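Data first, discussion second: the structure below is written as structure tokens.
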Amino acid sequence: MVNWRAVLVGFGVELVLGIVGLVVPVLGQLTAAVVGGFVAGYIAKGGAGNGAWHGLLAGAFGGLVVVLALGVVGVAGLGLAGGPGGLLAGLGLTTVAIVLWLLLSLPSAVGGAVGAALS
């Protein structure tokens, strides 16, 4: 059973730290992902696997926002500018963004596993 409160709190932490990470270069986006995942896992409890799942979900929400924005801009912008070839390029950009989204959710899962293990 997914603890949506834990996921949303973890996502919120990632969002706030991600914005701060844009201004403070030392903090960075990786730290935001790990800390947000940690918070989600800590709140969810229930072992490392459960914490990793909740951390992954928290990280995936942030990535989903980025992927949707890139997908809409890529498909619409490249499709309108380049015709059918531009549309295919936009779809390719969206595919790359989805793969990156999944890869960038992994640090949140690691943070979630550690958070749940320490709770």
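The values are calculated or read from the model by the stated rules, or taken from the named source; none is laboratory data. Predicted model, so just to flag it, every value in this text is computed and none were measured. Cβ sites come from the backbone with ideal geometry, for glycine too, and all protein chains shown count toward neighbours.
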Self-check item: Residue list for the range 23-45, filter: loosely packed, with under 15 Cβ neighbours inside 10 Å and not in a helix (DSSP H, G or I)
Solution: Val24, Pro25, Val26
Quiz prompt | Condition broken by Gly10, with the remaining ones in (1) surrounded by 16 or more Cβ atoms within 10 Å (Cβ to Cβ); (2) more than 13 Å from the chain's Cα centre (by Cα); (3) closer than 18 Å to Ala113 by Cβ satisfied | solution = (2)
Exercise. Answer with yes or no whether Val73 is of a type in the set (Val, Ile, Thr) and either at pLDDT 75 or above or under 20 Å from Ala109 (Cα atoms) (or both).
Key: no
Exercise. Scan the range 38-57 and give yes if some residue there is under 13 Å from Val13 (Cα atoms), touching a Ser or Thr at 6+ places or on another chain (Cβ under 6 Å) and modelled with pLDDT of 75 or more, otherwise no.
Key: yes
